[in-house]
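To start, the structure itself, in structure tokens.
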Amino acid sequence: MGTGTPKRELNMIAFFKTAGRTAVISLTVIGALCVSAFAQAPIKLKVAYWGPKTTHYFAGVDLVLEELERRTNGRLSFERYYSGSLVGPREIPDALENGIADIGTVLSAYYPARFPLANVGSLAGLNYHLWPVIMAYYQTYRDVPEFKDQLEKRGIRMMMPMGYGPYYVWSKKPIETIEDLKGLKFRSVGDQAKLLAELGVTPVGMTPPEIYDALSKGTIDGLLGDWDIAHGYKLYDVAKFHSLLPVGTSAALLAMSTRTWNKLPADIQKILEDFVPEATRIFAKDYEITGFDEAKTAASAAGVKVVPVKAGVSEKMLEVASRVSWEPWVKDMESKGFPGRKVLDTYIANIKKFVPQDTIKYD
């Protein structure tokens, strides 16, 4: 008998070698497909809104998020939680820092000690259209490192600027002069509250969802606000006068948790940053054009009267705002070691830079 391996055994060895190679190749392909599928799975981000979708403050952000979902080809997906259904209005920064939410709407005036430099956006008297104000806010955030650092030290970054305004007066009686304000109680926040106090008004702090009941019960006589807040919360049912007393435009931010940001792929981070200028136009146009038009129509049907102010009142308001809002804020920031003067000067310069770049049609 020969000493070679029998033919049947050779065939079996060849079979198992081939089967082994096929199995390895199959597992490799399956593994690659799984990795690819995982990599392409949507990144779901939780968005905390403190108000309802019925206001264009949040509907405008929704339009931005929908566009981001398209631009990332579905790689980003946003789960929206309206009216404080994820966390309460004042808990949003904590939720972002602690990982409960990935994105949230933050009005820095609610947290003056936490985000001191960010409060430049709530200083009184800067009465411009919304888009140049929020773009100036974002540019100042980028121009002044200390502004950005203050946010990131608390676990958030500005994903997009947003805001309110221009602000005027909603009240139960017509306001035509500054003297008409004396002795009244108004809902207001931030430095606009300081402006009102200087004018003889008692400022009362509260979140927007609390305003309607406060007006109904007589806890307040009016508020500083724009058309959208009146429409979103049906405030014109109890405040029938919209007086054109200019008190400013407030900038705020759509904030993202830094821990969420750091987990995003670099190309998605770039998409988010490159999209900001267009995102602000989408938001501002929906807010100040679509939203205000809807609000004016509804307010008119509810019997609201628009009240012009007397000559010279607007100029007086700006002078008072500079004296009681801007300069004390700068002094307070500088006393705490923060570059308040630099932030304010940069912010105002940026507003003036963006005003002529505003292409939104308001008439």
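Out of all the residues in region 64-86, is one or more buried (at least 17 other Cβ atoms within 10 Å of the Cβ) and modelled with pLDDT under 95? Within region 64-86, one or more residues are buried (at least 17 other Cβ atoms within 10 Å of the Cβ) and modelled with pLDDT under 95. Taking the criterion of being surrounded by 20 or more Cβ atoms within 10 Å (Cβ to Cβ), out of contact with any Pro (no Cβ under 8 Å at 6 or more places or on another chain) and among the aliphatic types (A, V, I, L, M), the residues of region 121-179 that qualify are Leu123, Ala124, Leu126, Val133, Ala136, Leu151, Met158, Met159, Met160, Met162, Val169, Ile175. Residues of region 91-125 that are among the hydrophobic types (A, V, I, L, M, F, W, C) and in contact with a Ser or Thr (Cβ under 6 Å, 6 or more places away or on another chain): Leu96, Ala109, Phe115, Ala118, Leu123, Ala124.
The residue list Ile175, Ile100 contains one member that is part of a loop (DSSP other than H, G, I, E, B), within 30 Å of Phe78 (Cα to Cα) and not aromatic (Phe, Trp, Tyr), which is Ile100. If we keep just the residues of region 203-220 that are more than 19 Å from Asp191 (Cα to Cα) and touching a residue at least 24 places away in the same chain (Cβ under 8 Å), which is surrounded by the most Cβ atoms within 10 Å (Cβ to Cβ)? Among those that are more than 19 Å from Asp191 (Cα to Cα) and touching a residue at least 24 places away in the same chain (Cβ under 8 Å), it is Leu215. Only one of the listed residues (Glu66, Glu79) is assigned to a helix (DSSP H, G or I) and either without any contact (Cβ under 8 Å) to a residue 40 or more places away in the chain or under 15 Å from the mean Cα position of the chain (by Cα) (or both). That residue is Glu66.
Being part of a helix (DSSP H, G or I) and within 28 Å of Trp326 (Cβ to Cβ) is true for just one of Pro93, Pro112, Pro161. Which residue is that? Residue meeting the stated conditions: Pro93. Looking across region 183-199, the residues that are at pLDDT 95 or above and part of a loop (DSSP other than H, G, I, E, B) come down to Gly183, Leu184.
Residues checked against (1) assigned to a helix (DSSP H, G or I); (2) without any contact (Cβ under 8 Å) to a residue 40 or more places away in the chain:
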residue	(1), (2)
Asp274	yes, yes
Tyr287	yes, no
Gly291	yes, no
Ala299	yes, no
Val309	no, no
Glu315	yes, yes
Glu319	yes, yes
Glu334	yes, yes
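The values are calculated or read from the model by the stated rules, or taken from the named source; none is laboratory data. Computed from a prediction, not measured in an experiment: that's the story for all the values here. Cβ atoms come from the backbone with ideal geometry, glycine included; neighbour counts cover every protein chain shown.
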